[in-house]
Amino acid sequence: MDKIIIRGGKRLKGALPVSGAKNAALTLLPCALLTDEPLTLRNLPRLADIDAFQHLMNQFGVSTTIAGSRPGDFGRVMTLEATRITSPVAPYELVRKMRASILVLGPMLARMGEATVSLPGGCAIGNRPIDLHLKALEALGAVIELTAGYVRAIAPDGGLPGGRYSFPVVSVGATENALMAAATARGRTTLHNAAREPEIVDLCNLLAAMGAVIEGIGTSDLTIHGVPRLHGATYRVMSDRIEAGSYACAAAITGGEVLLKNAVIEEMEATVQALRDAGVHVEPQAGGIHVAADGPLRAVTLATAPYPGFPTDMQAQLMALLCRAEGASVLTETIFENRYMHVPELNRMGAHIETRGRTAVVHGVPQLTGAEVMATDLRASMSLVIAGLAAEGESQVHRLYHLDRGYERLEEKLALLGADVERVGAD
């Protein structure tokens, strides 16, 4: 199993291309199930999760082709063609590794009138039930059965009639599944208290490009007028706001100066505000976002929240940055109940972090020290890398498969900015 070795103390400087958004791409890929015409996605990141989802689509009989790219390029172009669905079943061996697999449920139900999907896996960051996915689909007219670790959904004769659903709590994945299922329903669907994340907007924009009729895009109240069929499209995946925020933290903790090319500041306002509150200079610049840190970091107090609040997917990375801030920062995790598994590993590197339930108090320290650490989930992995970039001496981050799920060619991008990093086999 590979590991990454980081020799800290290098000031990051330069320009870095931000890849296509993992969280958006994993929602756009299953849209190919909604049409028998080709769907071409540009700016698709090269990630393990994308490869896994591609294999899942192949399981259904979807053909996938990847356009060639020049050496050193980031991202790729994939065309998916679901001319004929050969199986409505997403088996356990493909679904267990990735929670996003549940996103085939809605479009498969809409296209085939039935779908059988294994209960999903993913990062071990707490209980993430799919009950809201199922309740939303039931509100659209689906009949749901749970048996032997699988979800079976059936549409009545003639397809889903559409309906109305108000989410009791904001759920990104459930909103996405309901949107895809409703796009070709016989009638109108209204979704209240829907998620508003930029990735939801990206999904709505793709569905609209395929012929869907959606009102209220970007708001918490969505109305979908079902159409008889969708057609193919060519679409560019949005830039990854979480990757951009992660590299902003990496630049800041090293006192660096980085241009994050393709990053869109309007899509990450809460992250930008948190960085500014911590004393980091963040400004829009033609083609991206300019990040610089030339003074002491300041402590901050904040809580994660659904968009437009501070994203849970940035909590670990910001925590790593705040390990070097002056004073005590207070972070409260409101989305997942078990997302502080990186804390013991950061403390191994000389950080001083105390956790009390869903709250973490980060006492800034003058210096971090290199250590061998173990990644526990995707964003926790990046927090350890960020800490290692500023640590004195050498750090080794194990379990790189977590990073490969969400950060495209991490060590190459860091090397572009002057970091001393290398990827080696664990043996």
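Observations, loosely collected:
- Set side by side, the residues Leu134, Leu140 differ, and just one is out of contact with any Cys (no Cβ under 6 Å at 6 or more places or on another chain), free of Cβ contacts under 8 Å to residues at least 40 places away in the same chain, surrounded by 18 or more Cβ atoms within 10 Å (Cβ to Cβ) and not assigned by TED's automatic domain parsing to the domain that holds Glu243, which is Leu134.
- Conditions (1) touching a strand residue (DSSP E or B) at 6+ places or on another chain (Cβ under 9 Å); (2) under 25 Å from Thr79 (Cα atoms); number of the one not met by Pro198: (1)
- Region 398-427, residues that are among the aliphatic types (A, V, I, L, M), surrounded by 14 or more Cβ atoms within 10 Å (Cβ to Cβ) and at pLDDT below 95: Leu400, Leu403
- Count of region 403-423 residues which are among the hydrophobic types (A, V, I, L, M, F, W, C) and either assigned to a helix (DSSP H, G or I) or in the same structural domain as Lys97 (by TED's automatic domain parsing) (or both): 5
- Test for Thr359: is it touching a residue at least 60 places away in the same chain (Cβ under 8 Å) and among the polar types (S, T, N, Q): no
Quick grid of which residues meet (1) surrounded by fewer than 21 Cβ atoms within 10 Å (Cβ to Cβ); (2) within 17 Å of the chain's Cα centre (by Cα); (3) assigned by TED's automatic domain parsing to the domain that holds Gly226; (4) not in a strand (DSSP E or B):
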site	(1), (2), (3), (4)
Pro30	no, yes, yes, yes
Arg46	yes, yes, yes, yes
Gln54	yes, yes, yes, yes
Asn58	yes, no, yes, yes
Gly61	yes, no, yes, yes
Thr65	yes, no, yes, no
Phe74	yes, no, yes, yes
Arg84	yes, no, yes, yes
Ser87	yes, no, yes, yes
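- Among the residues of region 345-368, those identified as charged (D, E, K, R), surrounded by 14 or more Cβ atoms within 10 Å (Cβ to Cβ) and not in a loop (DSSP other than H, G, I, E, B) are Glu345, Arg348.
- Evaluated against (1) closer than 14 Å to Ala316 by Cβ; (2) buried (at least 24 other Cβ atoms within 10 Å of the Cβ), Ser395 falls short on exactly one condition, (1).
- Of the residues Pro129, Pro156, Pro120, the single one that is in a loop (DSSP other than H, G, I, E, B) and more than 25 Å from Glu93 (Cα to Cα) is Pro156.
- Filter result (surrounded by 24 or more Cβ atoms within 10 Å (Cβ to Cβ), of a type in the set (Gly, Ala, Ser) and modelled with pLDDT of 95 or more) within region 101-114: Gly106, Ala110
- Filter result for the condition that a residue is surrounded by fewer than 20 Cβ atoms within 10 Å (Cβ to Cβ), farther than 30 Å from Pro296 by Cα and either in contact with a Ser or Thr (Cβ under 7 Å, 6 or more places away or on another chain) or not assigned by TED's automatic domain parsing to the domain that holds Leu29 (or both), over Thr219, Thr190: Thr190
- Meets criteria (hydrophobic (A, V, I, L, M, F, W, C) and surrounded by 17 or more Cβ atoms within 10 Å (Cβ to Cβ)) for Ala148: no
The values are calculated or read from the model by the stated rules, or taken from the named source; none is laboratory data. Predicted model only: the values in this text are computed from it and were never measured. So basically every Cβ, Gly included, is an ideal-geometry build from the backbone, and we count neighbours across all protein chains shown.
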